[in-house]
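The values are calculated or read from the model by the stated rules, or taken from the named source; none is laboratory data. If you're wondering where the values come from, they're calculated on a predicted model, not measured in any experiment. Here the Cβ positions follow ideal geometry from the backbone for every residue, glycine too, while neighbour counts run over all protein chains shown.
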Amino acid sequence: MSNGYSAENIQILEGLEAVRRRPGMYIGTTSSKGLHHLVYEIVDNSVDEALAGYCSHIQVVLNKDGSVTVTDDGRGIPVGIQEKAQKPAVEVVFTILHAGGKFGGGGYKVSGGLHGVGASVVNALSTWLEVTVDVDGYRYFQRYERGKVMCPLEKLSSIDRRGTSVRFLPDPEIFEETVFSFDYLKMRLREIAFLTKGLRISLTDDRPEEPVTESFHYEGGISEYVKYLNRSMTPLYDNIIYMEGEKNGVLVEAAFQHNDSYNENVYSFVNNITTPEGGTHLSGLKSALTKTFNDYARKNKMLKDSDDPISGEDIREGLTAIVSIKISEPQFGGQTKQKLGNSEARVAVESIVNEKLGIFLEQNPDVGKIIVEKSIVAQRARNAARKARELAHRKSALDTMALPGKLADCTDKNPENCEIYIVEGDSAGGSAKEARARATQAILPLRGKILNVEKARLDRILTNNEIKAMITAFGTGIHEDFDISKLRYNKIIIMTDADVDGAHISTLLLTFFYRFMPDLIREGHVYLAKPPLYKVEKNKKEWYAYSDDELNRIMLEIGRDQNNKVQRYKGLGEMDPEQLWETTMDPGKRILMKVMMDDDDKLNIDNTFSVLMGDQVEPRREFIEKNAKFVTNLDI
Ligand code: TSJ
C-alpha cells in the first residue's frame, strides 16, 4: 500500500518536472507575457466558478514581495479525498498535470480551453505557492515549493465564509521577467469583467507606498464593452444593440454600435479568450449582419430591386462589435491555432443574430435607417476609391519606377541591407541627407503634419502626397494588396523631434502603418529613432544624454562645475549633419526603439489609436494624464 503511494508520488513529480524543463511547451513563453499568463491561468478558475453561478467577486493583489494573490468567494476547491489519487482534491489540482476542473462537471468553462493548462503548471513554475480554501466551515491550507508538496493539507480554524485564495511567487529561475505590470493585468481583468456580466473583479497594487485599487463590474457585460470602446468616438445612434441566446450547446452574446469613423472594429471571443484570427463565430456574425441589413433595406425600399446588395464591408464601416460565445469543446485551427473551427458556432451565432436583430430593427426603424444610409454612403465612397485606385495602378504601370521626388534613395538595392529614415521637416531632412550612409540609408523628408488616417476615408487618404510618397517608397502596397516580399527596406525608422509635436507626428505615422500595413509592425520592421536630449561639453570633450537620468549620471561622473556647458536640443534641426550622424543615425552608436505588437492585444491597440486620434477630447486628455510620464519625458 505505502509503496503504491510513493510510486504514484514520483510519477507526479516527474510530471511537474517536465513543466519546469520545458515551460514554453505549457505557457508558450517565459517572457513577460508568460509571466502574466500565470495570473490569468489562476483567475480563469474563479471565472469558471462565477459562470457556474457561485462566485461574484474575484480579488487580485500584487504583493510587495513580488507574489500575487487571487481570491474568490466561490464554493472553495473541494478538500475531500479524491478516489483515484487518494489525496485531497485540492492537492490533485496543484500537483497533477491537466487535473484542473476535472471534477464537478457540466457547464461552460473558460479554464482548460485554448491556453488552459491548469493550476499545476502555475505551481510548477513558482518558487512557492500557497492555497487557502474556506469550505465546509473550516479553513484549509497547503504550501508547495517548485511544485513539490511541503506539508499535508492542514485543517485550520473554523470559519463561516466560503472561497479560495491562491498566492504564488513566479520562479526567477524560469522567467526572464518577474515583475508584474499593473496596467497589463488591468487591461485583461477589465476585459474578463466585461465578458462576464455581473462579476466584480478588483486589482490592487500593494507594491508602492500608496496602494492603488481598480475595480471592474459591468451589469451590461459586452454592451458596456462596446460603449467603452466607442467612448472616444461619435456614435451614430444611442442604442447599443445587444443579442443573446443559446443554440445547440453554444451560448451566444453579440453587441454592436456604429460610430462616425471609417474603421471596422469587430472582436470575437471564445470562452473569454480573444480569437484575433476569428473563425466560425465571427463569420456567423458577419453573415447575419449583411443578410439582416440587406433584407431591411429592401423591405423599406432603401434599396431598389435592381440595386446591388450592400456589401458586408460597407455595413461594417464605423462598426464596433463584439461577439462572445461559450462552447464546451472548442476546436481551433489556422496558423496560430487561434481560429475557431466548430461549425455549430457559425450556425448558432448566425441564427440568433438574424432573429434578434430582425426583431430589434422592427422595433427601432430609425436606427435601421441610419445604419443603411451610412452603408450606402460607404458603398459609394468605396466605388469612388476603387476607381481612383485603378487609375493610380494604371499610372504606376506606365511609370514603373515612380519613386517620390523627395526621396533620397540608397544605392544598395538589396533590401536586407537597407533602411529608410522618415524625417520630420525639410531642414532635418536636409541634414539627414548629408549625414547618411548613402549606400544603405534612404531619407524621406515629410512636410509638416501628416494626415490623420483615423478621420479620413480611403479615397482622401490615397490622394495625400506624404502618404503616397511612403507607399511608393516602401514598395509593399497596402491592405489586402500588401506584399511584404516587395519591401524595399529592412528597417523603417521614424525620426522626429523629441518634443510633443514630434511625438504627435510619430503617432500619426504609426497609426498609418498600423491601419494600412500592420505586418510591417508585426514583422518588426518599424523603429523609432531616439535623438539625444542634451549635449554636455567640458574641456573640449562632448557627451550626449538621451534621458534626464543619463544627464544626471554624466554630470555626476564629470563633476558639476562652471566649465560644463549643457545644451538642450529642442529639435533635430539644431544638430549639424555630423552630430545627427553621430547621435541618431550611426548604426554603431544610435538608439533605436523597435515597435512591436501582439495580436492578442489588438483590441487595446486599436482602441489606443482611436482614443489618441479620435474626435473626443475628454478620453484623450484622460489617456494622456494617465500616461503623463511618457508625455512629460517628451516635453520638458
Ligand atoms: F485552480 C486553482 F486552484 F488555481 C484555483 C481554483 C484558484 C482559485 C483562485 C480559485 C479556484 C476555484 C475553484 N474557485 N472555485 C473553485 N471551485 C471548485 O473547484 C469547485 C467547487 C465545488 C464543486 C462542486 O461540484 O461542488 C465543483 C468545483 C469545480
message = What pairs come out if I take residues in segment 209-232 that are closer than 14 Å to ALA254 by Cβ and pair them with residues that are in a strand (DSSP E or B) and among the small types (Gly, Ala, Ser) whose C-beta lies under 6 Å away, six or more apart or interchain?
response = ILE222/ALA255; ILE222/SER324; SER223/ALA255; VAL226/ALA255
task = Given the conditions (1) crowded, with 20+ Cβ neighbours inside 10 Å; (2) more than 9 Å from the ligand (Cβ to nearest atom); (3) at pLDDT 95 or above; (4) not in a helix (DSSP H, G or I), report the number of the one that VAL117 does not fulfil.
result = (3)
request  = Sort out which residues of segment 45-54 are within 8 Å of the ligand (Cβ to nearest atom), under 20 Å from ARG188 (Cα atoms) and not hydroxyl-bearing (Ser, Thr, Tyr), and write them in order of number.
outcome  = ASN45, ASP48, GLU49
inquiry  = Looking only at segment 74-94, count every residue that is outside any helix (DSSP H, G or I) and either under 22 Å from HIS37 (Cα atoms) or not acidic (Asp, Glu) (or both) and tell me the total.
reply    = 14
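One line per residue, one yes/no per condition, for (1) away from the ligand (no atom under 14 Å from the Cβ); (2) buried (at least 16 other Cβ atoms within 10 Å of the Cβ); (3) of a type outside the set (S, T, N, Q); (4) more than 28 Å from the chain's Cα centre (by Cα):
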{"site": "VAL122", "(1), (2), (3), (4)": "no, yes, yes, no"}
{"site": "GLU130", "(1), (2), (3), (4)": "no, yes, yes, yes"}
{"site": "GLY147", "(1), (2), (3), (4)": "no, yes, yes, yes"}
{"site": "ARG162", "(1), (2), (3), (4)": "no, yes, yes, yes"}
{"site": "LEU169", "(1), (2), (3), (4)": "yes, yes, yes, no"}
{"site": "PHE180", "(1), (2), (3), (4)": "yes, yes, yes, no"}
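Out of GLU557, GLU550, GLU542, GLU537, report the one residue that is surrounded by 15 or more Cβ atoms within 10 Å (Cβ to Cβ), charged (D, E, K, R) and not in a loop (DSSP other than H, G, I, E, B).
Going through GLU557, GLU550, GLU542, GLU537 in turn, just one is surrounded by 15 or more Cβ atoms within 10 Å (Cβ to Cβ), charged (D, E, K, R) and not in a loop (DSSP other than H, G, I, E, B): GLU550.
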message = Anything in segment 25-68 that is touching a residue at least 12 places away in the same chain (Cβ under 8 Å) and of a type in the set (Gly, Ala, Ser)? List them, or say none.
response = GLY28, SER31, SER32, GLY34, SER46, ALA50, ALA52, SER56, GLY66, SER67
message = Looking at TYR514, TYR527, TYR489, can you tell me which residue is buried (at least 17 other Cβ atoms within 10 Å of the Cβ) and part of a loop (DSSP other than H, G, I, E, B)?
response = TYR489
task = Go through the residues of segment 253-261 one by one and say whether even a single one is outside any strand (DSSP E or B) and of a type outside the set (A, V, I, L, M).
result = yes
request  = For LYS84, state whether it is more than 9 Å from the ligand (Cβ to nearest atom), modelled with pLDDT of 95 or more, surrounded by fewer than 22 Cβ atoms within 10 Å (Cβ to Cβ) and not polar (S, T, N, Q).
outcome  = no
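Of GLY28, GLY34, GLY4, which residue is under 23 Å from the mean Cα position of the chain (by Cα), at pLDDT below 95 and more than 16 Å from the ligand (Cβ to nearest atom)?
Being under 23 Å from the mean Cα position of the chain (by Cα), at pLDDT below 95 and more than 16 Å from the ligand (Cβ to nearest atom) holds for just one of GLY28, GLY34, GLY4, which is GLY28.
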ask   = Looking only at residues in segment 58-80 that are away from the ligand (no atom under 15 Å from the Cβ) and more than 25 Å from the chain's Cα centre (by Cα), which one is nearest to LEU153 (Cα to Cα)?
value = ASP65
ask   = Would you say ILE376 is among the β-branched types (Val, Ile, Thr), within 25 Å of SER610 (Cβ to Cβ) and either in contact with an Asp or Glu (Cβ under 8 Å, 6 or more places away or on another chain) or surrounded by 22 or more Cβ atoms within 10 Å (Cβ to Cβ) (or both)?
value = yes
task = Considering each residue of segment 308-319, count those that are hydrophobic (A, V, I, L, M, F, W, C), within 30 Å of THR196 (Cα to Cα) and outside any helix (DSSP H, G or I), and give that number.
result = 1
Helices (runs of 4 or more DSSP H) wholly inside segment 325-438 that include at least 3 residues being more than 18 Å from LEU285 (Cα to Cα) and at pLDDT 95 or above = 365-398, 426-435
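Results for (1) more than 24 Å from PRO276 (Cβ to Cβ); (2) surrounded by fewer than 20 Cβ atoms within 10 Å (Cβ to Cβ); (3) modelled with pLDDT under 95; (4) away from the ligand (no atom under 11 Å from the Cβ), shown as yes or no for each residue.
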position	(1), (2), (3), (4)
LEU38	no, no, no, no
SER56	yes, yes, no, yes
HIS98	yes, yes, yes, yes
VAL110	no, no, yes, yes
request  = Output the residues belonging to segment 194-235 that are β-branched (Val, Ile, Thr), more than 13 Å from HIS57 (Cβ to Cβ) and under 20 Å from the mean Cα position of the chain (by Cα).
outcome  = ILE222, VAL226
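How many residues, within segment 291-307, are in a helix (DSSP H, G or I) and more than 11 Å from LYS369 (Cα to Cα)?
Within segment 291-307, the first condition is being in a helix (DSSP H, G or I), and the residues that meet it are 291-299.
Next cut, more than 11 Å from LYS369 (Cα to Cα) only: 291-292, 294-295, 298-299.
Summing the residues that are in a helix (DSSP H, G or I) and more than 11 Å from LYS369 (Cα to Cα) in segment 291-307 gives 6.
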task = Looking at (1) closer than 28 Å to LYS468 by Cβ; (2) outside any loop (DSSP other than H, G, I, E, B), find the lone condition where ILE322 falls short.
result = (1)
remark   = Selection from segment 475-486 of residues polar (S, T, N, Q) and either within 16 Å of VAL453 (Cβ to Cβ) or surrounded by 14 or more Cβ atoms within 10 Å (Cβ to Cβ) (or both) yields THR476
Verdict on LYS594 being loosely packed, with under 14 Cβ neighbours inside 10 Å and at pLDDT 80 or above = yes
